[in-house]
Amino acid sequence: FLVFCPPTVTSPCKILKCNSEFWAATSGSHHLGAEEAPEFCTALRAYAHCTRRTARTCRGDLAYHSAVHGIDDLMVQHNCSKDGPTSQPRLRTLPPGDSQERSDSPEICHYEKSFHKHSAAPNYTHCGLFGDPHLRTFTDTFQTCKVQGAWPLIDNNYLNVQVTNTPVLPGSSATATSKLTIIFKSFQECVDQKVYQAEMDELPAAFVDGSKNGGDKHGANSLKITEKVSGQHIEIQAKYIGTTIVVRQVGRYLTFAVRMPEEVVNAVEDRDSQGLYLCLRGCPANQQIDFQAVRSAQATEGHARRKGPSLPAPPEAFTYETATAKCREKLPVEDLYFQSCVFDLLTTGDVNFMLAAYYAFEDVKMLHSNKDKLHLYERTRVLSPGNTAPMGTHPALWVALLCLCWLCLL
């Protein structure tokens, strides 16, 4: 449903504002003494009131529904009444050593110690999504896709990741990631279910319930959010599944990168019947764009060509030459990240897309386990029937082959 009825860029759902207000009011406190319970309940009622105000516009939002259920659970846990004051007093911060900083996690909550105790080290894979948007799958396939609306990036036994891509310019088929939702599923004695959500101009350093780790379980610290650059760069460590996730806001849009063991990547109940999963299966053929062919045409014609007909001009006009020079400032190697940068500058006119490609490659350098595969140089998707011929195949050759086949039939 989300794929065919994608939310708009200007979605009025304000659940992230409710989450951040609750987090500010409680200062991250989750284990309170009896003297603080009334203040926590007051903040919790204010949180519930905030979610009710935005309920109509948040009906299809995963973070909203997670917050509503979380509030109900916390109300029961702290014996809070739904009736009462809703002002938001700021609770004092707990001293060092509280449950949020536990370091005595059980062994099962450390992937490398538990899953591979008597075997070889795990093989890690990488997936990334950035720009207009460009996808690098777990198998190092590189694609440029349209995928407007909501699409699943990852869907396995441990977590789900969904992105929403929206048009960069009105009427343009150029899209970029405006919203990201990550659901970490409850896992044994390690973590409770946690939801992280980011969107344009809102990159929180906490889960939607205000916490920064895996909750109240004994191994909660095996799931942790760290803010690297305020409002621009966060990192999520999920040690219990050996996974690292990097989310950035570059300009107005989001980028995503993950490092994950193959065993976790392939941990699904029934892989044959599993639905679309972009990081594993790539984009559908009808959603892929042969950006190298478009780039070649742009270079030949010497001006910026759009992905669709009769599209509005970008805010800043790049020629192929100026886009190439700009991208070379940050990406000196002319690999697919460099080519993606050139393509994005030509299709959007937004110089922030150059930075998105640059940071995407920086994340690859940090997260990819095979340093020989950092750079990709050739398009790796197979063209489906109805697509253009592969680059380098001259049209005259196809005509000759068709004539030969016709003569053979005679």
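The values are calculated or read from the model by the stated rules, or taken from the named source; none is laboratory data. This structure is a prediction, so every number in the text was calculated from the model and none was measured. Every residue, glycine as well, gets a Cβ built from its backbone with ideal geometry; the counts of neighbours run over all protein chains shown. Ligands, DNA and RNA are excluded from the accessible area calculation, which covers all protein heavy atoms including side chains. Shrake-Rupley method; radii C 1.70, N 1.55, O 1.52, S 1.80 Å.
When only C-alpha pairs under 8 Å and at least 6 residues apart count, what is the relative contact order of region 107-285, in percent? Let's see the in-between values first.
Details: 419 pairs, mean separation 43.2, N = 179.
In percent, rounded to a whole number, it is 24.
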For region 134-252, which whole-number percentage of the solvent-accessible area (1.4 Å probe, protein heavy atoms only) is attributable to carbon and sulfur atoms?
43
Go through Val364, Val76, Val229 and list them by solvent-accessible area, largest first, probe radius 1.4 Å.
Val76, Val229, Val364
Could you please put Leu153, Leu169 in sequence from largest to smallest accessible area, using a 1.4 Å probe?
Leu169, Leu153
Semi-axis lengths, Å, region 107-285, gyration tensor of Cα atoms, sqrt of 5 times eigenvalues
27, 20, 13
To the nearest 10 square angstrom, what accessible area does Glu227 show with a 1.4 Å probe?
90
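Where does each of 354-360, 46-52 land if you order them by average Cβ count within 10 Å, highest first? Let's see the in-between values first.
Numbers: 354-360: 23.4, 46-52: 18.7.
In decreasing order of mean packing, 354-360, 46-52 become 354-360, 46-52.
Could you tally the net charge around Cys127, taking each other residue with its Cβ under 9 Å from the Cβ of Cys127, Lys/Arg +1 and Asp/Glu -1? Don't jump to the answer; show the numbers that get you there.
Values: positive: Arg136, Arg259; negative: none.
Here the charged neighbours net out to +2.
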